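Coordinate-derived values only; no laboratory data. The shown structure was predicted, so the numbers you read here are calculated from the model rather than taken from an experiment. So basically every Cβ, Gly included, is an ideal-geometry build from the backbone, and we count neighbours across all protein chains shown.
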Amino acid sequence: MIEIRNMSLRFGPQIVFEKINANISTRDRIGLAGRNGAGKTTFLKCLLGEMETDGGDIIVGKGMTLGYLPQDGIQSYGTPLLEAVKQAEMQIQELNAALEAAHDRVDRHASDPGSPEAVEAWDSIHKIEGELQLREAHKLTMRAEKVLSGLGFKETDFGRDTGEFSGGWQMRIALAKLLLRQPDYLLLDEPTNHLDLPSQRWLEQYLAKYQGGLVLISHDRAFLDELTRKTFALGQGALKVFAGNFTYFEVESAKQKALQIARKASQDKKIEQTQRFIDRFRAKNTKATQVQSRIKQLDKLERIEIDSEEASVSFSFPPAPRSGQVLISVEGLDKAYGDLVLFNSFDLKIEKGQRLAVVGVNGAGKSTLAKILAGEEPFQNGQRMVGQNTRLSYFAQHQTAYLNSEHTALESAVQMSGAGEQAARDILGSFLFRGDDVFKPVQVLSGGEKNRLALARILLQPANLLILDEPTNHLDIQSKTILREALQNYDGALMIISHDRDFLDPLVDRTLEINPQSHRMFWCNVSEYLDKVEREEHLSGPSKRPVSKGKALNPKEERRRREEERRRLAPLKKRVEAAETKMAKLEAEIAAWEDKMRDPAFFSNRPGQKADMQAYDSTKRKLERAMEVWESAQAALDEAQGD
């Protein structure tokens, strides 16, 4: 158990945490929610003891181990990959060292095997070997290989020096070490940032079965929803606990916000009435006592403050210019980098109104395909044909390379689009470049600001085909939601490379899977594609998965499967929804009781006080039982969805 008692932290005048309290058990699966700057990463560092708080206590149970994955900044070198990951299992490494030392002691007393020292050494050997067997040390290499393969490393990588791997792969190495070590608590800060879709899916399934506690920061809603069962919402110095995943938190926080607004409106009305009474009768001696009483009431009144909301991106794309039916196509495409063949006689056609997701392992050629279609990458053989009146806008994954670091945000927007300064300022304003922010040089912008600037530049260009390579990098959940809604209303064609299922699913109606030298088209969204692939692997094993170049799967079969799955899951989902509704009702009742308790008169020796406290305690017990029912129903649904 990790217990947080009255934890407080300030950065200068900014309050990060103000006497927050929480408990985290080794069975908890917690998602951290909150706007950028709310203190999510800081919260993890406080748990680890890496950041000193201004007050309060963090109590970690005796013997409990914590494992932390930061967003970046980890570098490994000097050791072959497989050995480096195995070394992370410190307990096994220490036991092996102790075993070697015990054997050395036996060797030193070989001439007198019956001596007390030799006997003690043999006792140590038997004890250590038993401990190694208990920890399944003989399976360490197999476990390490399994984790590395799941995270996208090839067998040929296992002997490479870890220093040969780039930044994104360094984070995968750090994650592999962490998973192999199996601490009691995993504290993960954006673990999917550097993972492709297959690796992300593997990690999701691995963490779903993980035996320890999980505290997770992620901007991937689908990943959060799949893995978490509780949400800690951080903001304005407070920590609020919600008994559900991120989607549940969003629904419940919206309800609480509406209730908060209603309570504030009621309080404001009462304050206004009281102030009118004070102003009207302040000068009358006969009312002096009543006036003073009401003044004291106002002074003591705890004013309800509405939680402020961070501004988020809000925009819409220009109407798509008219075009021919075929916007762009490639035929017989060959593309290779030396001996690495990415495409061999590859064909693809994107037509008016099509919405395509492109998925596959890193290095399979997704970004290369986007560059070829955008006309920014040469190829060896084949044809690239642009349709009549095709207007193409391309968002590159590494957008920094396309921005002039000497330009201001405003100059960059105007230069890209040719639009007037006022039009550019209006668009930049909707991307959170307010006031003098538009005059910031590109070189001082954060990764998120550069991403928003790049998106703004695309918005200023009317297009009937958008090719977007990882457009959600550095965007928080709220900004991704706004971008997704804008793309849903966009009337042109889309090709999107992304590993964010929640972002992709409402946008696309087909999924192109790219593997080295092969591809397949699926007439479905990304989640349905993953389900299809997992069924194939379950039936034939991953190594026997059929590769059918360019083969389309039967849309009727997919629709029938989805309908059968919907009917099978409907009763389970109904149980979960009913439990969530009951929990929300009870949480509102508890909030109402606690609101009454803020009045000191509530605890005075008044008639009905005991009955009120009993009712309050009874409601809390009902909520605990409702949470148990919800957990049982959710577990049944999770198991059914995993079939």
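A simple count of charges around D57, restricted to other residues whose Cβ falls under 14 Å of its Cβ and scoring Lys, Arg +1 and Asp, Glu -1, yields -1.
So what does log10 I(q)/I(0) come out to for the stretch 1-114 at q = 0.19, 0.21 Å⁻¹, using the Debye formula with one equal point on every Cα and no solvent? Per q value, in the given order, log10 I(q)/I(0) is -1.10, -1.21.
Which of V291, F158, Y77 sits farthest toward the positive end of the charge dipole of the chain, with +1 on the Cβ of Lys and Arg and -1 on the Cβ of Asp and Glu? The residue sitting farthest along the positive end of the dipole is V291. Simple rule: put +1 on each Lys or Arg Cβ and -1 on each Asp or Glu Cβ in the stretch 1-62, find the dipole, and look at F17, G34, L48; the Cα lying farthest toward the positive end is G34. Taking 7 Å steps out from each Cα toward its Cβ at S166 and Q461 produces label points 2.3 nm apart. Given +1 at the Cβ of Lys and Arg, -1 at the Cβ of Asp and Glu and no other charges, the dipole of the chain around its Cα centre is 3180 debye to the nearest 20. Placing a pseudo-label 7 Å from each Cα along the Cα-to-Cβ vector at R276 and E145 gives an inter-label distance of 8.1 nm.
The simple Förster model, with R0 at 25 Å and r as the Cβ-Cβ distance, assigns L301 and Q614 a FRET efficiency of 0.35.
Restricting to the chain, what percent of DSSP beta bridges are antiparallel, rounded to 5? Mind showing how you got there, number by number?
On the way: 37 of 72 bridges.
In the chain, DSSP labels about 50 percent of beta bridges as antiparallel.
Applying 1/(1 + (r/R0)^6) with r as the Cβ-Cβ distance of I59 and S405 and R0 = 41 angstrom yields a FRET efficiency of 0.30.
The spacing between the stretch 207-277 and the stretch 435-464, judged by their C-alpha centroids, is 31 Å.
If we sort 452-464, 283-295 on the protection proxy, mean other Cβ atoms within 10 Å, highest first, what's the order? Please list the in-between numbers first.
Working: 452-464: 21.3, 283-295: 12.2.
Order by mean packing, descending: 452-464, 283-295.
As a rough footprinting exposure proxy, the listed residues H407, H499 were ranked by other beta carbons within 10 Å of their own, and the order from fewest upward is H407, H499.
Full-extension gain between Q267 and S293, please, as 0.36 nm times their residue separation minus the C-alpha to C-alpha distance. If you can, show how the numbers build up before the last one.
Values: separation 26, 0.36 × 26 = 9.36 nm, distance 1.74 nm.
So the chain would gain 7.6 nm between Q267 and S293.
Taking Cβ atoms as reference points and 12 Å as the exclusive limit, the residues near S498 contribute a net charge of -3, counting Lys and Arg as +1 and Asp and Glu as -1. Our coupling estimate for the stretch 247-261, obtained by passing each phi through the Karplus curve with A = 6.51, B = -1.76, C = 1.60 and θ = phi - 60°, is 5, 4, 4, 4, 5, 5, 5, 5, 5, 5, 5, 4, 5, 4, 5 Hz, Gly and Pro reported as x. Contact order for the chain, expressed relative to its length and based on alpha carbon pairs under 8 Å spaced 6+ residues apart, stands at 12 percent. Annotation: the residues S166, S76, sorted from fewest to most other C-beta atoms within 10 Å of their own C-beta, follow the order S166, S76.
Dividing the helix sum by the residues of the chain, where each DSSP H run of 4 or more adds -39500 (n - 2.57), gives a mean residue ellipticity at 222 nm of -15000 deg cm²/dmol.
How much net charge surrounds A320 when only other residues with a Cβ under 12 Å from its Cβ are counted (Lys, Arg +1; Asp, Glu -1)?
On the way: positive: R322, K352, R391; negative: D491.
Surrounding charge for A320 is +2.
If each residue of separation counts as 0.36 nm, what is the full-extension length gain between K596 and S115 once their alpha-carbon separation is subtracted?
On the way: separation 481, 0.36 × 481 = 173.16 nm, distance 7.65 nm.
Result: 165.5 nm gained on full extension.
What number does the stretch 316-449 give for Rg over Rh if you use C-alpha atoms and the Kirkwood radius?
Checking Rg against Rh, the ratio lands at 1.04.
Test of understanding: ordering Y402, Y77, Y529 by Cβ neighbours within 10 Å, fewest first, what list do you get? Let's see the in-between values first.
Values: Y402 15, Y77 11, Y529 27.
The fewest-first ordering by Cβ neighbours comes to Y77, Y402, Y529.
Rg to Rh for the chain: what is it, with Cα atoms only and Rh by Kirkwood? Display every interim value, and only then the final one.
On the way: Rg = 29.9 Å, Rh = 29.0 Å.
Using only Cα positions, Rg/Rh for the chain is 1.03.
Taking a ≥ b ≥ c as the square roots of the Cα gyration tensor eigenvalues, with a/c under 1.5 meaning rounded and otherwise prolate when a/b beats b/c, else oblate, which class fits the stretch 326-559? It is prolate, given that a/c is not under 1.5 and a/b is the larger ratio. Computed extension gain for H103 through A283, at 0.36 nm per residue and net of the alpha carbon distance, reaches 55.1 nm.
Each semi-axis of the equivalent ellipsoid for the stretch 250-300 is √(5λ) with λ an eigenvalue of the Cα gyration tensor; in descending order they amount to 34, 9, 5 Å.
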